[in-house]
Amino acid sequence: MFDSDVGRHMYKLACKLFPYNRSLTGNGVRKTLKDIKKILPDLTVFEVESGSKVFDWEIPDEWECQDAYIVTPSGKKICNFKENNLHVVGYSTFIDDYLSLTELQKKLYSKESLPEAIPYVTSYYKRDWGFSISHRQRQELTDGQYRVFIDSKHKKGYLTYGEVVLKSNAKVRINKEIFLSTYICHPSMANNEISGPVVTTYLLKWLKSLKNRRFDYRAVFVPETIGSITYLSKNYQKLKENVIAGFNITCVGDDNSYSFLPSRDGNTLSDIVAKHVLKHHAKTFEEYSFLDRGSDERQYCSPGIDLPIASIMRTKYGEYEQYHTSLDNLDFISDKGLYGAFKALALSIICIENNKVYKYTNLCEPQLGKRGLRSTIGAINNMTQFNKDVINILAYADGEKDLISIAIEIERPLWELIQVVDKLVEHNLLIEV
Amino acid sequence: MFDSDVGRHMYKLACKLFPYNRSLTGNGVRKTLKDIKKILPDLTVFEVESGSKVFDWEIPDEWECQDAYIVTPSGKKICNFKENNLHVVGYSTFIDDYLSLTELQKKLYSKESLPEAIPYVTSYYKRDWGFSISHRQRQELTDGQYRVFIDSKHKKGYLTYGEVVLKSNAKVRINKEIFLSTYICHPSMANNEISGPVVTTYLLKWLKSLKNRRFDYRAVFVPETIGSITYLSKNYQKLKENVIAGFNITCVGDDNSYSFLPSRDGNTLSDIVAKHVLKHHAKTFEEYSFLDRGSDERQYCSPGIDLPIASIMRTKYGEYEQYHTSLDNLDFISDKGLYGAFKALALSIICIENNKVYKYTNLCEPQLGKRGLRSTIGAINNMTQFNKDVINILAYADGEKDLISIAIEIERPLWELIQVVDKLVEHNLLIEV
Amino acid sequence: MFDSDVGRHMYKLACKLFPYNRSLTGNGVRKTLKDIKKILPDLTVFEVESGSKVFDWEIPDEWECQDAYIVTPSGKKICNFKENNLHVVGYSTFIDDYLSLTELQKKLYSKESLPEAIPYVTSYYKRDWGFSISHRQRQELTDGQYRVFIDSKHKKGYLTYGEVVLKSNAKVRINKEIFLSTYICHPSMANNEISGPVVTTYLLKWLKSLKNRRFDYRAVFVPETIGSITYLSKNYQKLKENVIAGFNITCVGDDNSYSFLPSRDGNTLSDIVAKHVLKHHAKTFEEYSFLDRGSDERQYCSPGIDLPIASIMRTKYGEYEQYHTSLDNLDFISDKGLYGAFKALALSIICIENNKVYKYTNLCEPQLGKRGLRSTIGAINNMTQFNKDVINILAYADGEKDLISIAIEIERPLWELIQVVDKLVEHNLLIEV
C-alpha cells in the first residue's frame, strides 16, 4: 500500500533538520522550511511582521543567537550553544558578564531526575536570559567567578510559516478540506518536534501521488501556539467552512507506543477515524482526554474556532522522561517509529477519502453463489473473510450509514473493505448514494 | 401458567418429524407440513412454481431422492441413505458409477474433529453430488473400486411452505401483527432444525387457546433463506405495515443454555422483550451480536425489509460441536429443553400482549392501607413483593412509559406485574392510556 | 468556608429535640418547631384541621399520649413510655386492662436480631395499640397476668408543619426556588430523624447569612408522607413552576458513610450537583437507585408532581442495623457526622448558586503570561492547579455549557473554580451569558 522506503527517507530528513536552532521566529525556521520546500515545491512561505496583532497576541520580535557559553573559574567553556542549542534559554537577551556561582545558579535550569539531560527552557514573552545544563554537570560546579556570554539580539522582523494546499484531483470534487498542522519552533529535539514536520512532509508527498483525491488538503508548518494563532487569525473563517477533518501532527517518531488525543468535541469524523485506525493498526494505544492536550489543538478546538482536529501520536508529549530535553534525540526516534505514524495518518486519510454512503440495490440477500461471491457448497465453516465482508456490508448498506460506521459496526478496518465494496459496485449490488 | 405436558407433546412430535428427508423443496417438506396441519388445522400450504423469480433469486427445481449408497470393494453397503438421509449431499444429482478410492475421496465429506458424526452438506445451487460419512468410517476405507449410487432426480415442481394466521380475539383489536418464522428444510437433525417447527406448532396451539389476544399472529414454516425470501417477495409490504414484533424460531430444543440474537436494529420491541424475558426466565444467557446471525433474520432484517425480528434460542447454531451433523439428534434435545424455549417465547408474547401504557389517577402516593394494599402496621421490613410492586408501578405510571419500560426499570418480570396492574385498575388507581 | 462550630451547635440542638414524643400530629411536633423557631425566627407554623382531604388522604385525628407502661405479674413496671417513648406503638388507643402472657405477646413488638433494641412501630391509620420491647426483655417475661396501661387519646385537632421562605438578596433576582424538605414525626431517634431538622435549621441559618443569593429558598419541616402530601396539595403548582432543584434532608447525622438517592428522573440539576459534590467531598459514597427510596421523595417525585428532589445522606435509612430502633440514638450521630452532611448540602447549594453560563470573549487562547495568569518561563512541569483551571475553563466556556458541566468535564469541584472564574471575569476574558 505504501512505499516501504518512506521510513528511511523520513529518518534521513529528520537527521538533516534536527540541529537547526528553531525558535518562534528567525533563521532556524526559515532553514527548516527551505529544506522541506526541496521535497514539496508547492510549499508557500509566509512572513508576518513583528508587532502585528493576532487575536489576543502580538507577533514577537525576531530572535537571533550567534553564540553562547559559560566559562568556569578554571577557564573551561561549558554550556556551549554551538555544541547543543538547548544550552541557551530560548529568547535569551544579550549578556556578557561575570557572576559568582550563587548568582549563576539563579540563571541555570537542570532536571534532577534525568541528570544527563539538558532541559529545554524558554522565556518568549518576558525579556530574560539563562542557561540549561545537565544536572550532573551543574553539581560539579565549584565556587568562583563565571563568565556568562550570550551573543543574541531581538529585532523587528517576522514570524515565518509554511503552507501547502493540494486541490482535489478527482473528477467529482467535494470542495471540502482535510487540514494538517505541525510545528517548527523547537530546537534540537526529535520526537517532539522534528518528527512532526518530517512525517507531514512525506504525507503530503504521498498525497500528491494519490489518484482520485476527493478532498482538498491544507497543511501548515507553524511555530506552536503563536503560529497557529497567527494562521487562524488570517484563515479561521475559511477553515470553519471547509474543514471536515484534520490532525495535529506531533510526537510521531518513536516506536514505543501509539497515542490518541481527541478534539474538544470528542466525536468528530477525525476522532472516529483516528480511533478506528489505531484499533486495527496498533496492537494497543493510549487514549488520552482533551484535558491532556498541550499542542495546537488548544487553538484549533477553542470555543468559536471549533475545528475537528485530533491527534494520532506515537509517545505523547509529557508522557516520556526524555520529553523536552536533549535526550529526546535522534536515537529516541527511528525509521520504524516514523513509518508507523506515517501509516496511521495515511490510513486515516484513506478512510476519510473512502467514507462514502452506499445502498444495496435489491431486497433480501442476493444470491451470491451464482456470482462467484460465495462457495456453492453449503457446509461447515466455509466462509472466508471476503464472504463475511460481502454479506455484512450488504446487510448494513441501507443508504444512510457511511462506510466508517459500517466498518466499526462489523469490526473490520475500512481500508480492507474498499476492494469488497468495489466488487459489489461492479456487480451492481451496491450504489453510492 | 402453561400446560406442563407441552414439553412431552413437543418431544413426541419431534420424534415423528425427525426422519423425513426435508430439503429446500419436495415431499419431505410436504409430509412435515401435513403432520403439523393435524395439530393446526388453520395451516395453509402454499406452493410456488420452480423458476419463479423472487427478488434476486429463482425457485429451484424440486429434488427427489429415492435411494443412495456406496458399495465398498468388499461388497459392503455404506453411506446408506435409507439408514440416515444425511449421507447424501443435499440436491445431489443422479449417479451410478464405479470409482477408485482416490476419485471417491473427492466426493466425500467428513468432520475430523467429531469422528463419529455424519456432517450435513448441501449443493443447492450448483449441480453436483457427494456423500457424507463419519470420519472414523472414512479412515477405514481401503483401495479398490467403489460403486456409488444415488437414485435422485431434479424436476420442475414447487417450493412448499405453510402459513398460519390467527386474528385477534379481543373486543378491541389493534390490527397489528406479531410474526413468527421457523424453517423446514433440514433432514434428520434435532436442535437445528426440527425443534423450530415443533415449538412453533405448540406456540400457535397455545395462542389459539389464549383469550383476549389484542394482536394478530402470523406464523410461517418455510425452507430457510429461499423460503423466507419467497415469502417476503409476496408479503413484505403488508408485513412492514403491520408487524410490531416477531421471532425467528430455531435451535429451541436442547437444555444446555439460552441464547439471544438481536435484530439488525438491536433495539426493537422484540429485542427489548426478549432480553427482559431471558433475564428473568433463564439463569444466564448468551447475548450474541447481529454479526453472529445465520438464519432468516438475514432476510427479515435486511435493508428495506427492516422487520423487528429477534431470536430466542437454546444453544445457538454454530455454537455446539454437534451442529449440522448426525449427532444433533433426538438425544441432543429433550422435553425440558423444548419446554424452556416454548416458555421463553410464550412469555415474550405475554409481555407484548400486556405492554400497555397506564397513568396514575391522582397526585402523590395513594393511601394503600385503607384499600388493603399495604400492611397498616408501620414497622421494620413488612413490605411484601406485592406491596413493592404496587408502589413502584404507581411511581412510574406517568401515562408515557409502557409496562415493559416500567418492568425493566423496577427490575421485575412483566408477567408477574399483570395481576398487580389489574388490581390497581380495579381500585381506580390506574387507567389505561 | 463554613463556621467550624456548626457541628457542635447542631449536635447540641439534636440533644435538645431528641426526647420529644413526635408523631404525625400533636405537641411533640409543636415543641420541636417552637425550638427551631428560636434559631429561625422566619419559621411560620401552619396547622391543618383533622379530617381535611389532601389528595387521596385525610388528615388524621391528633394523638396525645400522657403515660404508658406494663406491670408484670411480679409488679415490675416495664415498657415505660416516660423512660423511652418508643415503647408505645405510635397512635396507640387508650387501654387499661389485664392480659395473660399469651394475649400480651400478640401486642408486643421486638427485634430478634438486635436483642437490646426497642423497635419503632406505628399504627397510624388503623386504630390499634401495642408495646415495643427489647427482645432480651421479652424473653424474660414469665406466665401470669399483666396490666397494660396506655393513657392516650385521639381527638379532632390539627396536623402541624413549619415553613421558612428566604427571598433572594441578590441585585438581580431569578425568581426560581431551591426547595428543602425534612421531617419531624419520629420520636426519640437520632440519625433517622432528628439529624434532618437539625441540619436543615443550620443550613437555613447559614443561607440567611449568605450574600448575593440569586435564588429563593423554601424549606419545610413536615411529618413524613402525610405532611409532604398535605404541603403539596396546597402548594404543588407553585413548586412545579419555581423549583429548579432541591433536597430531601434525612439521615444526616452519623459519620459512617455518605449516600446518594436520585430523583425519579435521575438526571435533574439536583442529581447532577449532588453526585458532583459527593464525588469531591466524600472519599466514597453509596449510590442508590430510586427503587431504594423511602422518604418524601416518594411524593415530590411522583408522576404529575415531578419535582427535582434528590437526597444526600450519611448512612441511609434501612441500611444500618440500628435503623428504626432505640439504638439509633445520640451516640450513633456526632458533631462530625452532622457537619459532613451540612457541608455536602451547603456545597451543593453553592454549586447551584454559582452555576452560571460563561463565554470566552476572544478567539484562540489568550496570552496569559502578560496578565500574570501563567508563568513566563516555558519549562517542564510549571503549571499550577490555578494555571490548569484557567486554561481549562477558557477552553470549555463556549457560552452554552454551564459551570457545573465544565466542572464535571474538567474533573474539578465547582466551588474551587469560583475564584478562578471571578479572576477571568475581572480580566475581561469571560463574560456571563
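Can you tell me which residue within region B:107-151, out of those that are in contact with a helix residue (DSSP H, G or I) (Cβ under 8 Å, 6 or more places away or on another chain) and acidic (Asp, Glu), is farthest from B:TYR69 (Cα to Cα)?
The qualifying residue farthest from B:TYR69 (Cα to Cα) is B:GLU112.
Taking region C:207-235, which residues are surrounded by fewer than 22 Cβ atoms within 10 Å (Cβ to Cβ), among the hydroxyl-bearing types (Ser, Thr, Tyr) and more than 16 Å from the chain's Cα centre (by Cα)?
C:SER209, C:SER233
Could you tell me which residue of region A:244-271 is farthest from A:ARG214 (Cα to Cα), considering only residues that are surrounded by fewer than 24 Cβ atoms within 10 Å (Cβ to Cβ) and among the aliphatic types (A, V, I, L, M)?
For region A:244-271, the residue satisfying everything is A:LEU269.
Taking only pairs six or more apart or across chains, which ones have beta-carbon atoms under 6 Å, a first residue in region A:272-297 that is within 14 Å of chain C (Cβ to nearest Cβ) and in contact (Cβ under 8 Å) with a residue 24 or more places away in the chain, and a second residue that is of a type in the set (S, T, N, Q) and in a loop (DSSP other than H, G, I, E, B)?
From region A:272-297, the pairs are A:SER295/A:THR250.
Given the residues C:ASP42, C:ASP3, which is the only one that is farther than 30 Å from C:PRO303 by Cβ and either part of a strand (DSSP E or B) or in contact with a His (Cβ under 9 Å, 6 or more places away or on another chain) (or both)?
Every option except C:ASP3 fails the conditions.
Could we say that B:ASP254 is of a type outside the set (A, V, I, L, M, F, W, C), more than 14 Å from every other protein chain (Cβ to nearest Cβ), touching a strand residue (DSSP E or B) at 6+ places or on another chain (Cβ under 7 Å) and more than 25 Å from B:TYR161 (Cβ to Cβ) here?
Taking the combined requirement at face value, the residue does not satisfy it.
Taking only region B:80-105 into account, find how many residues are part of a loop (DSSP other than H, G, I, E, B) and within 12 Å of chain A (Cβ to nearest Cβ).
The number of residues fulfilling the criteria is 2.
Within region B:240-296, track down each residue that is of a type in the set (Asp, Glu) and under 23 Å from B:ILE410 (Cβ atoms).
B:ASP271, B:GLU287
Given the criterion over 17 Å from the mean Cα position of the chain (by Cα) and in contact (Cβ under 8 Å) with a residue 40 or more places away in the chain, identify the matching residue among B:VAL29, B:VAL45.
Answer to the check: B:VAL45.
Can you name the number of the only condition in (1) within 26 Å of B:ALA14 (Cα to Cα); (2) surrounded by fewer than 20 Cβ atoms within 10 Å (Cβ to Cβ) that B:LEU159 fails?
Of (1) within 26 Å of B:ALA14 (Cα to Cα); (2) surrounded by fewer than 20 Cβ atoms within 10 Å (Cβ to Cβ), only one is false for B:LEU159: (2).
Under 8 Å between Cβ atoms, which residue pairs at least 6 apart in sequence (or on different chains) link something in region B:223-251 that is more than 14 Å from every other protein chain (Cβ to nearest Cβ) with a partner that is basic (Lys, Arg) and assigned to a loop (DSSP other than H, G, I, E, B)?
Qualifying pairs under 8 Å: B:ASN242/B:LYS176; B:VAL243/B:LYS176; B:ILE244/B:LYS176; B:CYS251/B:ARG314; B:CYS251/B:LYS316.
Just name the residue that is nearest to the other protein chains (Cβ to nearest Cβ) out of those in region A:109-146 that are farther than 22 Å from A:ASP97 by Cβ and among the basic types (Lys, Arg). Break it down into steps so the answer makes sense when it comes.
Looking only at region A:109-146, we keep the residues that are farther than 22 Å from A:ASP97 by Cβ, and these are A:111-117, A:119-120, A:124-125, A:134-136, A:139.
Among the residues that remain, those that are also among the basic types (Lys, Arg) are: A:111, A:136.
Working: A:LYS111: 7, A:ARG136: 17 Å.
Among residues in region A:109-146 that are farther than 22 Å from A:ASP97 by Cβ and among the basic types (Lys, Arg), the one nearest to the other protein chains (Cβ to nearest Cβ) is A:LYS111.
Right, B:LYS31: surrounded by fewer than 20 Cβ atoms within 10 Å (Cβ to Cβ) and not in a loop (DSSP other than H, G, I, E, B) or not? Please lay out each step first, then the result.
On the way: surrounded by fewer than 20 Cβ atoms within 10 Å (Cβ to Cβ): yes; not in a loop (DSSP other than H, G, I, E, B): yes.
Spelling it out, B:LYS31 is indeed surrounded by fewer than 20 Cβ atoms within 10 Å (Cβ to Cβ) and not in a loop (DSSP other than H, G, I, E, B).
In the list B:LEU114, B:LEU104, which residue meets the criterion of being at pLDDT 95 or above and more than 20 Å from B:ASN192 (Cβ to Cβ)?
The match here is B:LEU104.
When the residues of region C:9-28 are filtered to those that are in a loop (DSSP other than H, G, I, E, B) and not polar (S, T, N, Q), which remaining residue is surrounded by the most Cβ atoms within 10 Å (Cβ to Cβ)? Walk me through it before giving the result.
The initial filter retains those residues of region C:9-28 that are in a loop (DSSP other than H, G, I, E, B), namely C:18-26.
If we keep only those that are not polar (S, T, N, Q) as well, we get C:18-20, C:22, C:24, C:26.
Details: C:PHE18: 18, C:PRO19: 15, C:TYR20: 20, C:ARG22: 28, C:LEU24: 25, C:GLY26: 24.
The selected residue is C:ARG22.
Quick check on my filter: what residues within region B:50-64 are away from chain A (no Cβ under 11 Å) and of a type in the set (Val, Ile, Thr)?
Within region B:50-64, B:ILE59 is the sole residue that qualifies.
As an exercise: evaluate B:HIS87 against (1) buried (at least 16 other Cβ atoms within 10 Å of the Cβ); (2) touching a Phe, Trp or Tyr at 6+ places or on another chain (Cβ under 6 Å); (3) modelled with pLDDT of 95 or more; (4) more than 17 Å from B:LEU327 (Cα to Cα) and give the number of the one condition it does not meet.
That leaves (4) as the condition not met.
The values are calculated or read from the model by the stated rules, or taken from the named source; none is laboratory data. These figures come from a predicted structure and were not determined experimentally. When we count neighbours, we look across all protein chains shown, and the Cβ atoms used for this are built from the backbone with ideal geometry, even at glycine.
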